[in-house]
There are 2 protein chains.
Amino acid sequence: MTMSDTDNASGTPLELGSVLSALADPLRRQVIRELAQAPVATERTCASFGFPVSKATLTHHFRVLREAGLISQVDRGNSRAARLRREEIECSLPGLLAILVSEKVEPVDP
Amino acid sequence: MTMSDTDNASGTPLELGSVLSALADPLRRQVIRELAQAPVATERTCASFGFPVSKATLTHHFRVLREAGLISQVDRGNSRAARLRREEIECSLPGLLAILVSEKVEPVDP
DNA sequence: CTGTAGGTACGATACGTGTCATACCTAATG
DNA sequence: CATTAGGTATGACACGTATCGTACCTACAG
């Protein structure tokens with residue numbers, strides 16, 4: 001486990017305020033939703049989501065998710081793999097992922 | 001029903017982003033938590049919660065909750081009674097109230 | 001009438017947030 | 001080596017948010 005001390009430590013319940021703030025942003029909700037709907041051990045890079053924002057903005061968003069404890073990130077040198085912390089989320093906040101997955105999102109205009 | 005058009009109309013699913021933003025604030029979470037734990041038809045005034053903030057700040061917070069569709073307010077001339085919209089919340093976002101109720105909140109120092 | 005209690009609208013303030021550009025890093029490729 | 005891809009830190013900016021004070025409203029009590 002290579003988490004820094006600003007990340008949510010394993011076994012610590014998630015801080016609800018941080019989680020809700022993190023998920024108030026639509027881009028960050030989409031990240032969690034896609035990871036929640038992917039196979040369990042899925043790991044994805046920031047860039048793989050294809051959001052129409054700058055790399056710096058992506059970095060910021062993934063940092064917020066990580067510090068809220070919603071994802072963990074593994075350093076791969078020139079990339080980082082993000083993984084959903086399903087068990088921790090389901091343990092601290094049962095049903096939250098289901099709420100996110102069930103959100104109806106308007107398709108983005110082409 | 002005396003809601004204005006900025007409030008969530010009956011029967012419309014709650015907008016998850018607005019709800020999460022509204023609940024990201026600890027004072028607003030406390031409001032919902034107390035209403036959720038009270039008898040079903042409970043109606044309370046803004047001032048009855050006894051928060052250590054100004055009346056204007058209270059007005060702002062209750063407005064955010066109302067516009068997110070989490071509460072409805074009934075005008076009583078010189079006061080307004082806030083009621084939790086349990087059924088709508090439970091219908092749109094099953095389990096959300098349980099998450100809020102189970103949050104462990106540090107007691108405020110005397 | 002005045003005072004109290006419970007509100008709202010408005011403007012102002014300090015801080016937070018989403019975004020970007022820039023410079024830099026790591027790693028891989030040709 | 002240069003280029004590409006995937007990142008981070010930093011600073012700047014525009015906007016949003018929580019807060020307050022003020023003036024005003026409604027309703028009630030004396």
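For the reader, a short list of remarks on this structure follows.
- Across peptide B:16-23, the mean count of Cβ atoms from other chains lying within 10 Å of each residue's own Cβ comes to 6.
- Mean-square fluctuations from a GNM of chain B, with a 10 angstrom spring cutoff on Cα atoms, peak among B:LEU96, B:LEU14, B:LEU65 at B:LEU96.
- Amide hydrogen neighbours beyond the local backbone of B:ARG80, cut-off 5 Å, H modeled: B:CYS46
- Calculated FRET efficiency for the pair B:ASN78/A:THR12, C-beta based, R₀ 45 Å, to 0.05: 0.50
- Innermost chain B residue relative to the axis carrying B onto A, by Cβ distance in angstrom: B:GLY95, 2
- Other-copy label distances relative to B:LEU27, 7 angstrom Cα-Cβ extension, nm: 3.0
- Contact order relative to length of chain A, as percent, for alpha carbon pairs under 8 angstrom and 6 or more apart: 33 percent
- Alpha-carbon geometry of chain B: the Rg and the Dmax are 13.4, 42 Å, given in that order.
- Percent carbon-and-sulfur accessible area, the range B:5-106, ignoring ligands, DNA and RNA, probe 1.4 Å: 55 percent
- Only protein heavy atoms count here; on that basis, with a 1.4 Å probe, B:GLU87 has an accessible area of about 120 Å².
- Per-copy distances of the B:VAL74 label point, shortest first, in nm (7 angstrom along Cα→Cβ): 5.7
- Tail fraction, Cα-Cα pairs, the protein assembly as shown, threshold 32 Å, whole percent: 25 percent
- Take A:SER79: with every protein chain present and a 1.4 Å probe, its accessible area is about 40 Å².
- Most to least accessible of A:HIS61, B:HIS60 (protein chains only, probe 1.4 Å): B:HIS60, A:HIS61
- Only helices reaching 30 angstrom along their own axis (Cα) with mean Kyte-Doolittle hydropathy no lower than 1.6 count here, and not one DSSP H run of chain B does.
The values are calculated or read from the model by the stated rules, or taken from the named source; none is laboratory data. Here the structure is a predicted model, which means the values were calculated and not measured. Methodologically, a virtual Cβ is constructed for each residue, glycine included, from the backbone with ideal geometry; neighbour enumeration extends over all protein chains shown. Note: accessible area is taken over every heavy atom of the protein model, side chains too, but ligands, DNA and RNA are not part of it. Shrake-Rupley method; radii C 1.70, N 1.55, O 1.52, S 1.80 Å.
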